[in-house]
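K.L.:
First the structure, then my questions, so here it is.
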Amino acid sequence: MTADAPPGVRIWAKLEGLNPGGSVKDRPALRMIQQGLSSGQLRPGKVIIDSTSGNTGIALAMLGAALGFPVELVVPANVSVERRQIIEAYGAKPIESDPLEGSDGAIRLCRAIIAQDPERYFKPDQYFNEANPLAHYTTTGPEIWQQTEGRVTHFLAGIGTSGTVMGTGRYLKEQNPNVQVLAVEPDDAFHGLEGMKHMASSIVPGIYHEGELDGKIPAPTDEAYEMVYRIGREEGLLVGQSSGAACWAALQIAKTLERGDIVTIFPDFGDKYLSTNLWLGWNQRAPGLDGAFAREACNPDLRLA
């Protein structure tokens, strides 16, 4: 599998689980809160509210606690137990939406709650707030460019809000227009990749501009899960399913190249998913994990400084 990657191709994984709140979502959450404070939209007496599949909610809960703002978060009822516990540990209030409607259901319920008392809330609005991709344009992109010493040839990231791939991609394209920017999405509307969006069947985020991408890679759930297991056992990194999808997609690109430096994002670590379907019955789903796994194909050396 990964041994098929040509020797001239390197894959780098940026470990966003090293952020204070444990995920890539710390970046846009901080930027959106700063924007709210500077504009006066977020002020004493306001409640921070947003819809989230988990990681942005954790980041907002952390920031709300640090700044003294109450936080309410609309999450699908099937969000992992660990994510809910972390949100509550920061003092935030989770509000459950229909689990069958996924992140779109959370978006709709959040809008309905705000409509009942619009003056009570400040909504960062991660799916439609340009501060989201701007956070990656000003931090993630420059870090990748510096850490690879400008050698990056391909950048790919999973899409949920799409902020990571849009903002990072714009920065990298400005440095070198030949850098290929690719989005990874689930290959089906009914998928098991928590936090990721299948755009054709979802509410499309306002910050998502597909025309800026060089392509999209549809990632199958089973293959993403198997990649998570292999990364854990053979690379010593416990990651979530979106990281598995990103690594699987990076390998598909690697197989088409003779030379290149592919950078992808591992959005978080896997301790938030141990109670989910990712790990239930995993021994039966992914036999034969003792096979060769080329370490250079998922090199963890590119880390968040």
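No value in this document is a laboratory result; all are computed from the given coordinates. In this text, all values refer to a predicted model and were calculated from it rather than measured experimentally. So basically every Cβ, Gly included, is an ideal-geometry build from the backbone, and we count neighbours across all protein chains shown.
K.L.:
Could you give me the ³J(HN,Hα) list for the range 126-138, computed from phi with Karplus coefficients 6.51, -1.76, 1.60 and θ = phi - 60°, whole Hz, x at Gly and Pro?
P.N.:
Along the range 126-138, the couplings run 4, 7, 10, 9, 5, 5, 5, x, 4, 4, 7, 4, 8 Hz.
K.L.:
Using only helices, what value at 222 nm comes out for the chain when you add -39,500 (n - 2.57) per DSSP H run of length 4 or more and divide by the total residues, to the nearest 500 deg cm²/dmol?
P.N.:
-11000 deg cm²/dmol
K.L.:
Taking amide hydrogens as modeled 1.01 Å from N in the peptide plane, which residues meet the under 5 Å criterion relative to Trp12, leaving out close sequence neighbours?
P.N.:
Ile262, Val263, Thr264
K.L.:
With the radius of gyration and the Kirkwood radius both derived from the Cα set of the range 26-122, what is their ratio Rg to Rh?
P.N.:
On the Cα set of the range 26-122, Rg over Rh gives 0.95.
K.L.:
Quick test of the membrane-span-like rule: which DSSP H helices of the chain reach at least 15 Å along their long axis (C-alpha atoms) with mean Kyte hydropathy at least 1.0?
P.N.:
Taking the DSSP H segments of the chain (at least 15 Å long, mean hydropathy at least 1.0), we get 55-67.
K.L.:
Please work out whether the range 108-233 counts as rounded, prolate or oblate from its C-alpha gyration tensor, where a ≥ b ≥ c are the square roots of the eigenvalues and a/c under 1.5 means rounded, while otherwise a/b larger than b/c means prolate and anything else oblate?
P.N.:
oblate
K.L.:
Can I ask one more? Here are some values of semi-axes √(5λ) of the Cα gyration tensor in Å: (1) 31, 22, 16; (2) 40, 22, 17; (3) 32, 30, 23. Which one was computed from this structure?
P.N.:
Comparing each candidate, only (1) matches the computed number.
K.L.:
May I ask you to order 154-167, 185-198 by the average number of other C-beta atoms within 10 Å around their residues, highest value first?
P.N.:
154-167, 185-198
K.L.:
Let me ask another. Per-residue counts of other Cβ atoms within 10 Å, averaged by peptide: what ranking do you get for 251-258, 75-82, 223-230, highest first?
P.N.:
223-230, 75-82, 251-258
K.L.:
Taking the alpha-carbon distance from Lys173 and a cut-off under 29 Å, which lysines remain once sequence neighbours fewer than 8 residues away in the same chain are dropped?
P.N.:
Within the straight-line cut-off, Lys173 pairs with Lys14, Lys25, Lys197, Lys216, Lys255.
K.L.:
Before anything else, pin down the relative contact order of the chain: Cα pairs under 8 Å, at least 6 apart, normalised by residue count, whole percent.
P.N.:
Taking the mean separation of contacting Cα pairs over the length of the chain, I get 27 percent.
K.L.:
Straight-line reach from Lys46: which lysines fall under 20 Å, measuring Cα to Cα and dropping same-chain residues less than 8 apart?
P.N.:
Lys93, Lys123
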